[in-house]
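**Q** Have a look at this one.
The values are calculated or read from the model by the stated rules, or taken from the named source; none is laboratory data. If you're wondering where the values come from, they're calculated on a predicted model, not measured in any experiment. Cβ atoms come from the backbone with ideal geometry, glycine included; neighbour counts cover every protein chain shown. Protein only, heavy atoms only, side chains kept; ligands, DNA and RNA dropped before computing areas. Shrake-Rupley method; radii C 1.70, N 1.55, O 1.52, S 1.80 Å.
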Amino acid sequence: GCDAKKGADILLNEFNVSLAMVTRGANGCYLKNKNAFVSVKTIKVSPIDTTGAGDIFGGSAISCILKLQKNPSELNETELLYIANFANTAAALSTERFGGIPSIISKEKVLSQMKANNFNIIKI
């Protein structure tokens, strides 16, 4: 019963999480920690099946966080923006395929789509 920003604040302040990641389907996502917050819109896709999109978002975000080798609470705005765009792009592209596992997109394809959309790409 609240918006993404309020939900993230509740997770951070009342439940003491390190990083709140709120997915909003076709409306993108919102990431916030104690240092920064970002809100990104989704890319335009022609969805045919959303099975697995949430899992792909989460797995893609966690993969980025692990590669950065930082505590999620210490990520800065640039890093959060990269994570949000990467995970959101991977999830959005996955909806253009059928199924959960078969819809997983390669890192190269995600990065290519991010470049096409002029998203900031950091080396991790």
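**Q** Give segment 96-110 a look and list any residue that's hydroxyl-bearing (Ser, Thr, Tyr) and either open to solvent by 10 Å² or more (accessible area, probe 1.4 Å) or in contact with a Phe, Trp or Tyr (Cβ under 8 Å, 6 or more places away or on another chain) (or both), or say none.
**A** The initial filter retains those residues of segment 96-110 that are hydroxyl-bearing (Ser, Thr, Tyr), namely 103, 106.
Once the filter is applied, which keeps residues that are hydroxyl-bearing (Ser, Thr, Tyr) and either open to solvent by 10 Å² or more (accessible area, probe 1.4 Å) or in contact with a Phe, Trp or Tyr (Cβ under 8 Å, 6 or more places away or on another chain) (or both), segment 96-110 yields only Ser106.
**Q** With respect to Ser39, determine if the residue is of a type outside the set (A, V, I, L, M) and open to solvent by less than 20 Å² (accessible area, probe 1.4 Å).
**A** Numbers: of a type outside the set (A, V, I, L, M): yes; open to solvent by less than 20 Å² (accessible area, probe 1.4 Å): no.
No.
**Q** Further, regarding this structure: Please specify each residue of segment 18-62 satisfying the condition of being under 19 Å from Arg97 (Cβ atoms) and without any contact (Cβ under 8 Å) to a residue 40 or more places away in the chain. Spell out how you get there, then give the answer.
**A** Initially, segment 18-62 is screened for residues under 19 Å from Arg97 (Cβ atoms), giving 23, 25-26, 42-60.
Residues satisfying the conditions are Gly25, Ala26, Lys44, Gly54, Phe57, Gly58, Gly59.
**Q** Another question about this same structure. If Ala26 passes every condition in (1) more than 12 Å from the chain's Cα centre (by Cα); (2) modelled with pLDDT of 95 or more but one, which one does it miss?
**A** (2)
**Q** Related question: List the number of the failed condition for Thr89; all other conditions in (1) out of contact with any Leu (no Cβ under 8 Å at 6 or more places or on another chain); (2) in contact (Cβ under 8 Å) with a residue 24 or more places away in the chain; (3) open to solvent by 10 Å² or more (accessible area, probe 1.4 Å); (4) not hydrophobic (A, V, I, L, M, F, W, C) hold.
**A** Of the numbered conditions (1) out of contact with any Leu (no Cβ under 8 Å at 6 or more places or on another chain); (2) in contact (Cβ under 8 Å) with a residue 24 or more places away in the chain; (3) open to solvent by 10 Å² or more (accessible area, probe 1.4 Å); (4) not hydrophobic (A, V, I, L, M, F, W, C), the odd one out for Thr89 is (3).
**Q** Given (1) more than 18 Å from Ala4 (Cβ to Cβ); (2) of a type in the set (Val, Ile, Thr); (3) open to solvent by less than 10 Å² (accessible area, probe 1.4 Å), identify the lone condition not met by Ile83.
**A** Failing condition for Ile83: (1).
**Q** Out of all the residues in segment 51-83, which are in contact with a Ser or Thr (Cβ under 9 Å, 6 or more places away or on another chain), β-branched (Val, Ile, Thr) and modelled with pLDDT of 95 or more?
**A** Residues satisfying the conditions are Ile56, Ile83.
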